[in-house]
Amino acid sequence: MLKPIAAVTGSIALAATLSACGGSSAASDAKTVTVYSADGLKGENGDGWYDQVFKDFTKKTGIKVEYVEGGSGEMVQRATREKSNTQADVLVTLPPFIQQADGKGLLEKYTPQGADQVDGADKASDGTWTSVVNNYFSFVYNKKELKTPPATWDELLDGKYKNKLQYSTPGVAGDGTAVVVKAMHDFGGKQPAMDYLKKLQANNVGPSASTGKLAPKVDKGELLVANGDVQMSFAQAKTMPNLGIWFPKTAGGKPTSFALPYAGGLVKNAPHSENGKKLLDFMLSEKAQQQVSSIGGGFAARKDVKATDENAIALTKLMDGVEIFEPDWNDVDKNLQAYVADWKSATGS
């Protein structure tokens, strides 16, 4: 079985009206729980993992889920601004932003039921966050225009990709930050990675706060390639027939990837802390974890859940031959601002 070992982004989409000043906020309703999350787990047509889990959770508990979606970094920034008047109960984001949230003191220690079945690398040692869905970084390409995906990073420098290539913004988007993390690994260090990304900028359309919004452009042929992640891209491919998933490699190297889990934590001073705990418990329940692949197109966070559905089989096949490495997320979190600054300098962004 695969051992998952970081997003996802987007402009804020409020599924509920939240007041920044409290009082009349949706948070004042004791039968609600508010989730701030990176995008990718909620379906465009109500058919995502979140859609099913939230529906089942409300049916079981009577607690309504208020949902706010955005980039991983964006959600942490929003929660930080609201520290004096907390609005969110649960925060779900990708590395290194979940570590960033922990470092900013945004998370309360809580160990959800079932967390004992989550690998140590996929949860905080101090109990502030736990992966709820495992996932891997990837790229997407248009299968209609490109019969096979570009095998290497160097192929992306070809003139045919000029204004046909785009990746989400590092420091804002989890998957955008992942581009830098993977490039640093594949090219053997920060400087060679920045040297490459500087060259790639000649073909890059420009910044994007949302990774999820790039896939439709690839499907339509507006772009030939973009970044993504396996769970989100696999789910999107259900309604985007031209979307293919691939993993760049260096010349003579192997395709590589790393785990980008959706990690959930209880927000400190949450207005409905007990409801937040119940939702985290529910997300890690065996039933919800079985649905991660069958509905969400992702990988279960619990190692005792062995999915055998059609999606799980396809996902295992997709990852076959891909070399998985494990980033030092503490280092990435510590040096994130420096890496982003170096990327901006290299690309002129």
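The values are calculated or read from the model by the stated rules, or taken from the named source; none is laboratory data. Bear in mind the structure is a predicted one, so any value in this text is a computation, not a measurement. Reconstructed Cβ throughout: ideal geometry from the backbone, glycine too, with neighbour counts over all protein chains shown.
With the condition kept exactly as written, say whether any residue in segment 149-165 is part of a strand (DSSP E or B) and either within 17 Å of residue 223 (Cβ to Cβ) or modelled with pLDDT under 95 (or both). The answer is yes; a qualifying residue exists. Among the residues of segment 319-334, the one identified as in a helix (DSSP H, G or I) and modelled with pLDDT of 95 or more is 319. For the condition crowded, with 23+ Cβ neighbours inside 10 Å, within 24 Å of residue 325 (Cα to Cα), among the acidic types (Asp, Glu) and outside the structural domain of residue 93 (by TED's automatic domain parsing), residue 195 does not qualify. When we screen 323, 274 for residues that are farther than 23 Å from residue 167 by Cβ and of a type outside the set (A, V, I, L, M, F, W, C), the only hit is 274. Every residue in segment 192-228 that is within 16 Å of residue 161 (Cβ to Cβ) and of a type in the set (A, V, I, L, M, F, W, C), please. Passing the criteria: 197, 200, 202, 205, 214, 218, 223, 224, 225, 226. Taken together, the residues in segment 54-75 that are of a type in the set (A, V, I, L, M), assigned to a helix (DSSP H, G or I) and surrounded by fewer than 24 Cβ atoms within 10 Å (Cβ to Cβ) amount to 0. Only one entry in 179, 205 is among the β-branched types (Val, Ile, Thr) and surrounded by 21 or more Cβ atoms within 10 Å (Cβ to Cβ), namely 179.
List pairs: first residue in segment 93-107 and closer than 14 Å to residue 173 by Cβ and in a loop (DSSP other than H, G, I, E, B), second residue at pLDDT below 95 and not aliphatic (A, V, I, L, M) anywhere in the structure, Cβ distance under 6 angstrom, at least six positions apart or on different chains. As it stands, the answer is 94/72; 94/174; 95/329; 96/329; 96/333, since those pairs meet every condition given.
Considering (1) in a helix (DSSP H, G or I); (2) closer than 21 Å to residue 239 by Cα, the lone condition that residue 296 does not fulfil carries the number (1). The residues in segment 109-124 that are under 19 Å from the mean Cα position of the chain (by Cα), part of a loop (DSSP other than H, G, I, E, B) and not hydrophobic (A, V, I, L, M, F, W, C) can be counted, and the count is 1. State yes or no: is residue 244 closer than 24 Å to residue 90 by Cβ and not in a loop (DSSP other than H, G, I, E, B)? Criteria not met by residue 244.
Right, residue 287: surrounded by fewer than 20 Cβ atoms within 10 Å (Cβ to Cβ) and under 21 Å from residue 137 (Cα atoms) or not? In short, no. Criterion applied to 308, 316 was being in the same structural domain as residue 50 (by TED's automatic domain parsing), out of contact with any helix residue (DSSP H, G or I) (no Cβ under 8 Å at 6 or more places or on another chain) and not in a helix (DSSP H, G or I), and the one residue passing it is 308. Residue count for segment 155-190 under the criterion of being touching a Pro at 6+ places or on another chain (Cβ under 9 Å) and either of a type in the set (A, V, I, L, M, F, W, C) or more than 18 Å from residue 232 (Cβ to Cβ) (or both): the result is 13.
Evaluated against (1) surrounded by 21 or more Cβ atoms within 10 Å (Cβ to Cβ); (2) part of a helix (DSSP H, G or I), residue 277 falls short on exactly one condition, (1). Residue 232 meets all of the listed conditions (1) assigned to a loop (DSSP other than H, G, I, E, B); (2) modelled with pLDDT under 95; (3) out of contact with any strand residue (DSSP E or B) (no Cβ under 7 Å at 6 or more places or on another chain); (4) crowded, with 18+ Cβ neighbours inside 10 Å but one, namely (1).
Conditions tested, residue by residue: (1) out of contact with any Pro (no Cβ under 6 Å at 6 or more places or on another chain); (2) modelled with pLDDT under 95.
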site	(1), (2)
73	yes, yes
98	yes, no
106	yes, no
111	yes, no
122	no, yes
128	yes, no
132	yes, no
145	yes, no
